[in-house]
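This report concerns only the one structure given below.
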Amino acid sequence: VSAVLLAQGGPVIPHFGEADKCVRTNGTFCWHWFVDNFGTRFWPRVVEHIELTLIAVGIGFVVAFALALIAFRYPRFEMPFANVTALFYTIPSIAFFQIMVPVTGINRLTIEIGLVSYTLLVMFRNTLTGLRGVPPEALDAAQGMGLTRRQTLLRVELPLATPAIIAGVRVATVTTVSLATIAAFITPLGLGAPIFNAIQTGANTDFFAAGALAIILALLADLIIVLAQRLISPWMRARSRAT
Amino acid sequence: VTQLINFYPDHAHLLLSKTWSHIWVCALGLAIALVVALPLGIYLGHKHRGAWIALNVSNGFRALPSLALIAISIAVFGISLINIQIALFVLAVPPILTNAYTAVDQVDPDAVDAARGMGMREREVLLQVELPLSWPLIFAGIRTGAVFIIATAPLAALTGGGTLGDIIVNQPTYHMSGVIAATILVVVLAFAADGLLALAQRAVTPEGLALPKEIHSIVPPTEQVEIAA
């Protein structure tokens, strides 16, 4: 085509048209550009972000739950574990991800290890608090009914601890959504990727769109867990209505 | 390890100035959060009203990702000190607000009745009875908020800088030894702030009142929120 154009004396540099005014002036948020690029630029990042979060909270829950059961049975394990996991809250996540890189490399594993580490404390602590908060009368009743220790745990203590456990999952989930944006500093995964990209390019729409999507994702996750909590523990609602 | 140890004397001036600006960024963030959240929490707790506001603001703020807030504020305000302060504010308000509300709300009603019976005015009830009994829990919330702020302030490096984050996000210049050295300083700052506030907490706690039982002050207070909600 260009040979023909050249032969005809037409323009050599193809004309692609101009970006709209908003994009040229780097407006705060260019809706048209966002809509045009959503499918390629943002949606894949949203999916990655959800994956990162689900995997981290899933693994974190299994580990924290197991450790909480151990600490519930053997209280001497509580303090060491609580203190080690509390230390994570003082380490800036942006540093933690970098420090992990020489150990595990620049990949998804590094990010997940970091994210899981930050979920442990909340879920561990809430599970333990929930198990210990079971009313003594309920335990007496269980004993009186001849339940074994295992049955008491499964049928009495765990169901009664459920609201506290889910509360821990809730905080862990929104924390993970937040930290997963920072993880993009290591490798461009999730909604942090357009943000770190925009730090290089200065594109305001990238900043705004990725930030807003991350906030929407976090609030949605929060809402879903609150609704799940109501479904799973209807007696909590009944109790708060009664009081 | 040698590189790490050498980093401190080699970059003493840099580390000192970044630590100093780190402290200022954090102090400003904590001050703003305190000015807003403390009176609000104490007032609502005193009136035993607005649990809904206190808990939903806390839960909502807790869900907002720091980096997303920074990104949006860059798009709206451009690069400035406001970016990081918004993120720090949102981070510190939930623990401070929740604890202040819960603390004052849950003061033993008998003590408040006794104070009223002695003829105390509303102001005196708040200042002489409710607040002294609430300080331990209020300070626990401030400690948590302070630790969150100090650990998140390095993100300021992405928006114009001025904290230890400048070293942490600049691994190409300062190498891993610099990243780790600055991180250790952040952790030390967090524990120092936590320790100082713990001393203040002990100082304002009336004799005969035990400090609230806690696994660790750094743990965000959650279960009270949920049970009340």
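Things worth noting here:
- Using a Gaussian network model of chain A in which every pair of alpha carbons under 10 angstrom is joined by a spring, one finds that among A:Thr148, A:Thr181, A:Thr53 the greatest mean-square fluctuation is at A:Thr148.
- A viscosity of 1.567 mPa s and a temperature of 4 °C, combined with the Kirkwood radius over Cα pairs in Stokes-Einstein, give a translational diffusion coefficient for region A:142-190 of 95 µm²/s.
- One equal scatterer on each Cα of chain A, no solvent, Debye formula: the resulting log10 I(q)/I(0) at q = 0.09, 0.10, 0.18 Å⁻¹ is -0.55, -0.63, -1.28.
- Taking the empirical scaling 2.2 N^0.38 Å for compact globular proteins as reference, region A:31-77 has a Cα radius of gyration ratio of 2.03.
- Region B:17-67 - convex hull of alpha carbons, volume per residue in Å³: 71 Å³
- Spatial extent of chain B: Rg and Dmax, with the Cα atoms as the point set, Å: 20.0, 68
- Here, region A:105-175 yields an orientationally averaged convex hull projection of 5.6 nm² when only Cα atoms define the hull.
- 4 °C / 1.567 mPa s Stokes-Einstein diffusion coefficient of the protein assembly as shown, Kirkwood radius on C-alpha pairs, µm²/s: 53 µm²/s
- Treating each Cα of region B:131-215 as one equal point scatterer and applying the Debye formula with no solvent, the log10 of I(q)/I(0) at q = 0.16 Å⁻¹ comes out as -0.67.
- Diffusion of region A:118-243 by Stokes-Einstein, at 20 °C in a medium of 1.002 mPa s and with Rh set to the Kirkwood radius over alpha-carbon pairs, works out to 124 µm²/s.
- Per the Kirkwood formula applied to alpha carbons, region B:49-149 shows a radius of gyration over Rh ratio, Rg over Rh, of 1.15.
Every read-out reported here was derived from the displayed coordinates using simple, explicitly stated rules and does not represent laboratory data. Being a predicted model, the structure only gives us computed values, none of them experimental.
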